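A.B. asks: The following block contains the structure, expressed as structure tokens.
The values are calculated or read from the model by the stated rules, or taken from the named source; none is laboratory data. Treat the numbers as computed from the prediction; the structure is a model and nothing was measured. Because the Cβ atoms are built from the backbone with ideal geometry, glycine has one as well, and the counts that use them run over all protein chains shown. In case anyone asks, the SASA skips ligands and DNA or RNA and just uses the protein heavy atoms, side chains included. Shrake-Rupley method; radii C 1.70, N 1.55, O 1.52, S 1.80 Å.
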Amino acid sequence: MPHDLDIIWYTRCPVPTASGIAIHNGWLEQEFESDGISVLSLCASPDQSVRESHFDHRQGDSFRHGGNAPPIWSRSEGNDVVVVGLTWLPQYQSLLTLPDSGIRSPADLKGRRLALPRRTHEKIDFWRASALQGYAQVLASVGLTLDDVTLVDLPIDQPYIGKVAASNTGALFDAHQFASSARAETFALIRGEADVLYNYGAAGPALQEFLGAHVVANINHHPDRRVSINNGTPNVLSVSGRLVREYPEFVARYLCQVLRAAQWARANRAATQAIIAREVSVAYEWVPEAFDDTVYQNLEPSLAPELVRALEVRKDFLYEHGFIRNDFSIADWIVPGPLARARELLQERSLAEAGGTQVEA
């Protein structure tokens, strides 16, 4: 089809995603090769403003897959971005304390000091928002509120996106950045300036082991799933609005490869674990502890009503606590057509392969 696209950009967070698997397997590049379109990571650009589109989604003709706070913030600022898929990613999410703190359960948090990092130069401080919501929801589960604790403000000048070598397929976060993500809270805990820290993601199990920490609350496995709603629950697959409006079939073809990757992951667990370890910058052995065994079943994007409701809860929290300035409708933000078409394409291609014929994209 005629088009004015030279590059389709993508970015993903350091979490397990079907997008990351499709990127690793080279399927996105192959999908658009015959159209003369390059499919590149934001990391391929030396321009910092292009790289920062990971958070503000200002780079046109781009896809993003990962935590929900940046796209929610971007939409609240009026940027041209829409949601085309959601995933619920079971991942490490805990409140930790040192063994001799005397804090054994969430009920013991009353009157205690909770570490709350604050990035001083970021448009959307997703880690602070995550920690605050993690604290608030655990406290609420035992009848407490944020007024019952002391939040220890920890200013951090280090940016989320540092200097990473350019790469056509690489991620914007390398092992160095990931390892330092909870430095401020960890030092505050060790120095006795705070009693509890919040941590989530692949680096969590290693930090817990390093500290010999006591887990005050295992949020990931909380019996009330609503307590687990946070930056990665649900994850958001978003795309520039122009692509959806002008090239919906290209968007569907991109999503078709993401769906293909999710199916492949279910059938190739060992290989998927290796890809995830690379994507999240941890040793292979940490993956099962950071992401439980259901991760392989949770990589396929959908727009299931319960995921949409969870995204609404997350957006409302960010608005209520001042992380976004403008409220908006989640229902109006979601565009279901491309994912529905992607499912049709995947089925068509599967049937064609089974019949020994090729279907043109």
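A.B. asks: Might you check whether a residue that is closer than 27 Å to K315 by Cβ and surrounded by fewer than 22 Cβ atoms within 10 Å (Cβ to Cβ) occurs anywhere in the stretch 248-268?
C.D. replies: Checked against the condition, which is being closer than 27 Å to K315 by Cβ and surrounded by fewer than 22 Cβ atoms within 10 Å (Cβ to Cβ), the stretch 248-268 yields at least one hit.
A.B. asks: Looking only at the stretch 207-221, how many residues end up being in contact (Cβ under 8 Å) with a residue 12 or more places away in the chain and either open to solvent by less than 20 Å² (accessible area, probe 1.4 Å) or over 20 Å from T294 (Cα atoms) (or both)?
C.D. replies: Residues flagged as in contact (Cβ under 8 Å) with a residue 12 or more places away in the chain and either open to solvent by less than 20 Å² (accessible area, probe 1.4 Å) or over 20 Å from T294 (Cα atoms) (or both) within the stretch 207-221 amount to 10.
A.B. asks: For residues in the stretch 283-305 being of a type in the set (D, E, K, R) and free of Cβ contacts under 8 Å to residues at least 24 places away in the same chain, which is most open to solvent (accessible area, probe 1.4 Å)?
C.D. replies: E285
A.B. asks: State whether one or more residues within the stretch 275-282 are open to solvent by less than 10 Å² (accessible area, probe 1.4 Å) and of a type in the set (S, T, Y).
C.D. replies: Checking the stretch 275-282: not a single residue is open to solvent by less than 10 Å² (accessible area, probe 1.4 Å) and of a type in the set (S, T, Y).
A.B. asks: Looking only at residues that are within 30 Å of D35 (Cβ to Cβ) and of a type in the set (G, A, S) in the stretch 222-247, which one is surrounded by the fewest Cβ atoms within 10 Å (Cβ to Cβ)?
C.D. replies: Kept after step one, since they are within 30 Å of D35 (Cβ to Cβ), are these residues of the stretch 222-247: 235-247.
In the following step, the residues that additionally are of a type in the set (G, A, S) were identified as 238, 240-241.
Values: S238: 26, S240: 25, G241: 16.
Checking each candidate, the answer is G241.
A.B. asks: Another question, if that's okay. Please go through the stretch 50-67 and give me each residue that is open to solvent by less than 20 Å² (accessible area, probe 1.4 Å), of a type in the set (D, E, K, R) and either modelled with pLDDT under 90 or part of a loop (DSSP other than H, G, I, E, B) (or both), ordered by number.
C.D. replies: Within the stretch 50-67, R51, D56 meet the criteria.
A.B. asks: Could you say whether any residue in the stretch 86-106 is of a type in the set (A, V, I, L, M, F, W, C), open to solvent by less than 10 Å² (accessible area, probe 1.4 Å), at pLDDT 95 or above and touching a Pro at 6+ places or on another chain (Cβ under 6 Å)?
C.D. replies: For the stretch 86-106, residues of a type in the set (A, V, I, L, M, F, W, C), open to solvent by less than 10 Å² (accessible area, probe 1.4 Å), at pLDDT 95 or above and touching a Pro at 6+ places or on another chain (Cβ under 6 Å): present.
A.B. asks: Let me spell it out: the conditions are (1) closer than 30 Å to E246 by Cβ; (2) touching a helix residue (DSSP H, G or I) at 6+ places or on another chain (Cβ under 6 Å); (3) at pLDDT below 95, and I330 meets all of them except one. Which number is the exception?
C.D. replies: Single failed check for I330: (3).
A.B. asks: Take the stretch 101-150 and flag every residue that is part of a helix (DSSP H, G or I) and polar (S, T, N, Q).
C.D. replies: Scanning the stretch 101-150 gives S130, Q133, Q137, S141.
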